[in-house]
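Encoded as structure tokens, the structure appears first; notes follow it.
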Amino acid sequence: MAGLRNAGGPAGEGVSAARRLIECAEAVRADPGLARDDLAALLARHGEHPADLAPEAFGEADAAELRAAALRMAGILAETDEDRTAEALNALLEQCGTRPRLTRHDGHPWHLHVDRGDGAHWGDWFLASGALALAQLLTEHGRVVWGACAATGCGRLFLGAGPGSVRRYCSGTCSTRARVAAHRRRRREEGSGSGAGAGAH
């Protein structure tokens, strides 16, 4: 399970690991019974080794562990308060016995890894690697750069680690929809207020 224990990697891997975390958490939130094969395919898209994802290495019990861990991480990803987020991440890092270390390989520069040992479980690995990735981002940006979309009826998890102001929406589509809805609401309220004033004379 050597491939599983690597949380962190070349420059930017904190963002890459966070994207893997968010995609997995969102997929399991949408379908709490997400099939083992679908989870394996998702992890493969994010660079996990095929041998580590074979049914004998990543079975149904492993998939159940990963689903439970993903739902737990979804709660942290929806948290907006920096202090509560930091406390939750510290608790996870302590629980998982995370041992980060610097390593380099395959021509890449020095980067962080999380070692869990040969007996690491998929759920523990997911919690440890996800907590480290989010901790790196929180440290780098000094604020929570992920969240749940604020658009009515959406709530999708997103990563907004780019420059600029804090993001509240998962996409430009949701942002525009929310802005249009707010504009229409203000116009209705203004029209209602004008009507009430006119009726009072």
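Evaluated against (1) modelled with pLDDT of 95 or more; (2) hydrophobic (A, V, I, L, M, F, W, C); (3) in contact with a helix residue (DSSP H, G or I) (Cβ under 7 Å, 6 or more places away or on another chain), residue 35 falls short on exactly one condition, (3). Residues that are open to solvent by 20 Å² or more (accessible area, probe 1.4 Å) and closer than 16 Å to residue 18 by Cα were ranked within segment 143-155; the one that is nearest to the chain's Cα centre (by Cα) is 148. Is it the case, given these coordinates, that residue 39 is closer than 24 Å to residue 155 by Cα and out of contact with any His (no Cβ under 9 Å at 6 or more places or on another chain)? Here the answer is yes, as residue 39 does meet what is asked. For segment 45-73, filtering for residues that are among the small types (Gly, Ala, Ser), within 20 Å of residue 128 (Cβ to Cβ) and modelled with pLDDT under 95 leaves 2.
The values are calculated or read from the model by the stated rules, or taken from the named source; none is laboratory data. Source: prediction; values computed, not measured. Note that each Cβ is placed from the backbone with ideal geometry, even for glycine, and that neighbours are counted across all protein chains shown. The accessibility values were calculated without ligands, DNA or RNA, using every heavy atom of the protein model including side chains. Shrake-Rupley method; radii C 1.70, N 1.55, O 1.52, S 1.80 Å.
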